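A short reminder: the numbers here are calculations on the coordinates, not readings from a lab. Since the structure is predicted, the reported quantities are computational estimates derived from the model, not experimental observations. Note that each Cβ is placed from the backbone with ideal geometry, even for glycine, and that neighbours are counted across all protein chains shown.
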Amino acid sequence: MVLTRAQAAKKQRSPEETSPQSADKPPRKKPLGVSKLNIVQDTSMSHRACKQPAGACEFPTSHPVSAPPSPVGHASDRSFAADTAPTTAPAPAAHALPPGEKPLPKPSERPAVPGDKLPTGPEPVQIEVEYVPRDQLQPVEDAAAAVEACSSGLDSADWVEAVKALNLLRQLVVHHANSCQDKLQQWMLPVVKSVRSLRSSLCKTAIMAVSDLYITYGDALLPLADVGGQAKPLTSLLAQILLKCSSNDKKFVIEEAQLALQTMVEHTTPGKFLDLLLPYLDHKNPKLRGKAGGAATLTVARMQPAEMAGFGMLRLLQMAGKLITDNTPDAREAAKRLVGLLSAAFQDPAVQQQLDVQVPEPEPAEGEAAPAKPSKWEYFCRQNLNASAATAVLKV
């Protein structure tokens, strides 16, 4: 059976288009770039079929399977593929190094660093320092040899040897005071250096030695107590003890420094030690001013009223007025105690006779009653202090 061209085109349609049920369903989309190729191939087949003899161009009743698209494809398909193909960015050009500069080596080519290895050798020995109380210190057999060993040990760079020398110094000071009295000036600078040490064990042992020195020698150490003063605090024992009392160091170091400061107050003449403390009431460190004010109050508490008058009630009152207006709580508390001591001493007849305070009669203002006559203590405070300090002192 020979089909005409119209019949071949009708047979070539898809089953969805020819079936009656396809009206209800949307047409199925064909892959882009395949439909044109199939139509071209199918129409070419129909043309060839018409030229062949009868019976050779018969088509099957079912829809023919389309051949896979050629890798070359139609010209329109090739243009679409060229438009949609992903483009690769060109590789960036290598950064040119300036002349004379060499490129950095790769990580795999870098030499090994010697510091990457763990340390070798024996483990450090743990040293326990024993803090012997003063009443448990034992005398030495050869005092002269011990003095020489102490002199060399205090200057040692090894902190363990320095601790042994300080403990030996304590034994000599307690049991052989006459043997080492000539060495005090030589020993004081290494002792101050040990007090400044950041190693807590060495620092505490040195502070304990300071307490033993002042208990034994007392006023004899006052010329060596504040060498350099505030201008050179590294050589001043008093400055270092005050700094340790007001520092943020370990608790047992601070407590030992406070005990040493109290020992210095108790075993020296109050007036002489107070002369050393007064400049530190103006120190720029507020905590240090508070500790100095507390030590000054303890020193004044050891004085009798006549000694206060001999030292100078005016100096002590000005010191109290300076502390009571300080911004440090420790300084203000010390000032309150000091004002109480001065007020009680001012009532002593011998002190009033020595000061000879004369209170004039107040003059009344025009049209007002005469004000009450102030007491001698109030008049003395207002005459020698500024208004704010005098008011603060009189409120105590």
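Compute the label zone of A231 within the range 168-208: residues whose backbone N is under 14 Å from the point 7 Å along Cα-to-Cβ.
Hits in the range 168-208 for A231 at 14 Å: none.
Only loop residues by DSSP count here, and only those with at most 14 other Cβ atoms within 10 Å; note down the trypsin sites (Lys or Arg not before Pro) in the range 349-396 that meet that. Before the final figure, lay out each step's value.
Numbers: sites: K376, R382, K395; in loops: K395.
Passing both the DSSP loop test and the Cβ count: K395.
Starting from the Cα of L104, step 7 Å along the direction of its Cβ; do the same at L278; then give the gap between the two resulting points in nm.
6.6
List the residues, sorted by chain then number, that are 5 or more residues from T328 or on another chain and whose placed amide H is less than 5 Å from its amide H.
For T328, whose amide H was placed from the backbone, there are no distant partners under 5 Å.
Apply the Karplus parameterisation 6.51 cos²θ - 1.76 cosθ + 1.60, with θ equal to phi minus 60°, to every residue of the range 320-331 and state each ³J(HN,Hα) to the nearest whole Hz, in sequence, with x for glycine and proline.
Working through the residues one at a time gives 5, x, 6, 6, 6, 9, 6, 8, 9, x, 4, 5 Hz.
Express in % the proportion of alpha carbon pairs of the range 183-268 at distances exceeding 16 Å.
Working: 1645 of 3655 pairs.
Percent of Cα pairs beyond 16 Å in the range 183-268: 45.
Name all residues of the range 151-173 having a backbone nitrogen under 16 Å from the label point set 7 Å from the Cα of I127 along its Cα→Cβ direction, giving them as ranges.
Within reach of a label on I127: 152-169.
Stretch Q138-S343 to full length: gain in nm at 0.36 nm per residue minus the Cα-Cα span? List each step's numbers first, then the result.
Working: separation 205, 0.36 × 205 = 73.80 nm, distance 4.67 nm.
Gain in length upon complete extension: 69.1 nm.
Starting from 0.36 nm per residue, how many nanometres of slack lie between L189 and E161 once their C-alpha separation is accounted for? Kindly include the intermediate steps, with their values, before the conclusion.
Numbers: separation 28, 0.36 × 28 = 10.08 nm, distance 1.65 nm.
Separation in residues times 0.36 nm, less the Cα-Cα distance, equals 8.4 nm.
Ordered by residue, what ³J(HN,Hα) values in Hz, to whole numbers, does the range 343-350 give under the Karplus form 6.51 cos²θ - 1.76 cosθ + 1.60, where θ = phi - 60° and Gly and Pro are x?
Those phi angles translate into 5, 5, 5, 5, 6, 5, x, 5 Hz.
Starting from the Cα-Cα distance between Q304 and Q383, subtract it from 0.36 nm times their residue separation and give me the gain in nm to one decimal. Mind showing how you got there, number by number?
Numbers: separation 79, 0.36 × 79 = 28.44 nm, distance 2.41 nm.
Net length gain for the segment: 26.0 nm.
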